[in-house]
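The values are calculated or read from the model by the stated rules, or taken from the named source; none is laboratory data. These numbers were taken from a predicted model, which means no experiment stands behind them. Because the Cβ atoms are built from the backbone with ideal geometry, glycine has one as well, and the counts that use them run over all protein chains shown. Keep in mind that these areas ignore ligands, DNA and RNA; they rest on the heavy atoms of the full protein, side chains included. Shrake-Rupley method; radii C 1.70, N 1.55, O 1.52, S 1.80 Å.
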Amino acid sequence: MWPEFMNNDIRCSEITDEKHKNVYIPTDQEYKYLEDVDISNETEFYYWTGRGNGWQNMQGDEMSIRGLTDCTMRLPPVPRRGTYELRFAIQSGGNRRGMVQFYWGNNKNKLSAKGIPMDLRQGADNKLHTSNGDVPSDIGYAADTEDDDFNADVDKRLRNNGFMKGCNQYCAGGPGTSAMMRASNICIRRIIIRETMDPDETYYIRFKTVMDDKTRFFYMDYMEYCAKDVYDNPEKPEDIW
């Protein structure tokens, strides 16, 4: 999404020492570093390479955005006109996650709120991971079994609640402990929006904290588009990959 990360050897960096794993991105008031991201003065924007840490993130890296978060990002274009889901992937194991309101649209200065605030502490293990301990919170999750019909029913329940299991295209974790992300009970995808999009339009997403707590993290692993003729195909359901 951001060429500055590749051009300056931040993304996929080979550096593994602790000092250089964490990269701080300044706010716009301090120094406009990312052309396609607007970062408010009270936001602390960090990128973690995660190499060697065994984190359950796609390709090992993540965004850990803190403070009184308020960021707006330009999204990549869709390939063709149609209805798409925009999905947001999170590793929900930490108890310092926050809660944010998402906004979306093609006018960066007048984005519409989408849905209710998203609680990023909600895990795929049917628990809300708070700083005061875990709270039961049933979203319909159950681990996969050998029964494909049961697994499909679980996927349907999750989608009805705006959730999806992690994709099955990659594994993560330390040597000898890695697992496919679909099998992880802390990795999950959230369905943010379902909207008609056009490849000639520029769209933006904004996330703003709704918690008055500077210590909370807005965590982001990756985002994905999925076309309606994939996720809502009556003849060939979307696969787990």
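Could you work out the percent of alpha carbon pairs in segment 88-149 separated by over 18 Å, rounded to a whole number? Don't skip to the answer; put the middle values down first.
On the way: 958 of 1891 pairs.
That fraction is 51 percent.
Using a probe of 1.4 angstrom and keeping all protein chains present, the accessible surface of segment 129-241 works out to 57 square angstrom per residue.
Taking N as the number of residues in segment 1-116, what is its Cα Rg relative to 2.2 N^0.38 Å?
Here the answer is 1.15, to two decimals.
Geometric descriptor of segment 174-241, per residue, is 177 Å³ (volume of the convex hull of the Cα atoms).
When the accessible area of segment 29-174 is split by element with a 1.4 Å probe, what percent falls to carbon and sulfur? Using a 1.4 Å probe with all protein chains present, segment 29-174 comes out at 44 percent carbon and sulfur.
Working ranking of peptides 97-109, 21-33 by packing, defined as the average number of other Cβ atoms within 10 Å per residue, highest first, is 97-109, 21-33. The percentage of C-alpha pairs in the chain whose separation is greater than 29 Å is 29%. Measuring nothing but how far apart in sequence close Cα pairs (under 8 Å, 6+ apart) lie, relative to its length, the chain scores a relative contact order of 28 percent.
Place a +1 charge on the Cβ of each Lys and Arg in the chain and a -1 charge on the Cβ of each Asp and Glu, then give the dipole magnitude about the Cα centre in debye, rounded to the nearest 20. Intermediate values should be presented prior to the final figure.
Details: 31 positive and 40 negative charges, 113 e Å.
With Lys and Arg at +1 and Asp and Glu at -1, about 540 debye.
Note on segment 65-175: the alpha carbon radius of gyration divided by the globular reference 2.2 N^0.38 Å gives 1.25. Number of Lys-Lys pairs in segment 64-207 with C-alpha atoms under 27 Å apart and a separation of 8 or more places or on different chains: 6.
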